[in-house]
Amino acid sequence: MKDEEIDDVLRQAGRTLPDPTPATLQSVADSIKTSLRPVRPLPPQWALTAGLLLICAAVSLAGAARAGFFGFEKMDILERLLVFSALVIFAWLAGAEFTHEMIPGSRRRLSPGALLGLASAALFAVFAFLFRDYQTHHFISVGIVCLVTGFIHAVPASLLAWLLLRRGFAVNSVAAGLVAGTLGGLAGVGVLELHCPNFEAAHVLVWHTAVVPLSAGAGALVAWAQRFRAGSSVRERANPE
Amino acid sequence: MGRQACSEAKNDLREHTGTGNDCKKVFEPMCPESNLEILMARYQQGDYAAVSDLIGRVSPQLHRFFLVQSASRADADDLLQETWLRIHKVRHTYRPGEAALPWFYAIARYVRVDHYRKSVRTAAGERELEAMSKGAVAVAGKFDHVESLDALLAPLPESQREVIEMLKVAGMSLEEVARATSSSVGSVKQKAHRAYAKLRETMTTRGKAEDYREG
């Protein structure tokens, strides 16, 4: 059987499906009529993405300003160029992806999972290329401090990003949470790169990079919990006892 | 839609959205649907006539989409109403000049998934689902006698079914389906290819069975 023949069968079969009744359409129109008023469309996508990038930059700079720019001062020109270029590029990509997630029917270039994987792998590669001090001192204790510091700054960045796009509508809230977390995680890494003067390869590769997946996972988990809670309230309304 | 009407539609969109020549690049390949974009822009401005027109034009497609997925007319009616309420609530998220159909379908898809999730979580919903799945089996059983779309697509997984419905029944392009389903064009192509392989197999088996019965 050829594809064209299957097309014909499907088209013919599609015509057999009943249309909604005029009464249904009228009831839809009536329900909308009562609250119909002009609305302002969302700003252009580039403006939203730029806003998200600004949020990331502001959180990173504010965090580092409070803790000190020791890491930035210790870096040479090449390290600064590569590390911060990578962060800006991936923050822009994550911002664009987050905007897509919040607008139904947007064009998708990268899935949230692919973005997270790509951002983590790229940061890992840049760090592996730049930092060649293979000694380790207090790997766990110092590392946990950096991870927590990065994560603490990822949270406000994610929340502010969510606030900026609150007028949007996430058709997949878990995916949107994952991307918001990735974006926040990149802001968290930004704080660490500006502040942390520990350039031991293992420390930077493990603990700095880990902020991105940790924050992304937390974002997805929060979105999932919110969706689950919404579902539970529906269940309670359906079965009050 | 003729060339003149198409040009008028574009001018109308420019007038309503102020997108100037920017809409041209978005617009050219999808001229037959251009009226939907104009109507959406007018809907955002609070024009009730545009809303009524949109409801009349888009609802049959969305209704078919739900029928193919849910198999019950009452469910499809409910989902359609819920979808329009959701569309009304988030109408500001439509971008003037962008294709409207993927935007509608993305919301309809969300409503369907949300409805499914809620019904799974409630005990009553579980019973409904059981009935629905029995219904689906019954529909599959009717396959030999009824040439209905839900029967034809019954052997396909849900993700392939929705792709086939959008591509072949709603007449959307690969790009539009990719936007509506939040996936890539490659993924849509792959789903369509697998669905066609399955449909070919099912239809061939069915043809052989009919030949055997007749002869």
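No lab work stands behind these numbers, since they all come straight from the coordinates. As the structure is a computational prediction, the values presented were derived from the model and not from experiment. Here the Cβ is made from the backbone with ideal geometry for all residues, glycine too, and neighbour counts use every protein chain on show.
Structure data summary
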item: Using alpha carbons only: equivalent-ellipsoid semi-axes of segment A:45-236, gyration tensor based, whole Å; result: 30, 17, 14
item: J(HN,Hα) series, segment B:43-60, from Karplus relation 6.51 cos²θ - 1.76 cosθ + 1.60, nearest Hz, glycine and proline x; result: 4, 5, 8, x, 8, 5, 4, 5, 4, 4, 4, 4, 4, x, 8, 8, 4, x
item: Interchain or long-range residues, amide H under 5 Å from residue B:156's placed H; result: none
item: 10 Å Cβ neighbours from other chains, averaged over peptide A:34-41; result: 5
item: Order of A:77, A:55 under a 10 Å beta carbon neighbour criterion, fewest first; result: A:77, A:55
item: Leading residue at positive end of dipole, chain A (Cβ point charges), from A:78, A:176, A:22; result: A:22
item: Cβ neighbours within 10 Å from other chains - mean over B:172-185; result: 3
item: Span-like helix ranges in chain A, DSSP H, alpha carbon extent 15 angstrom or more, Kyte mean at least 1.6; result: A:112-130, A:139-164
item: Cα shape, segment A:67-166, gyration tensor, a/c 1.5 rule; result: prolate
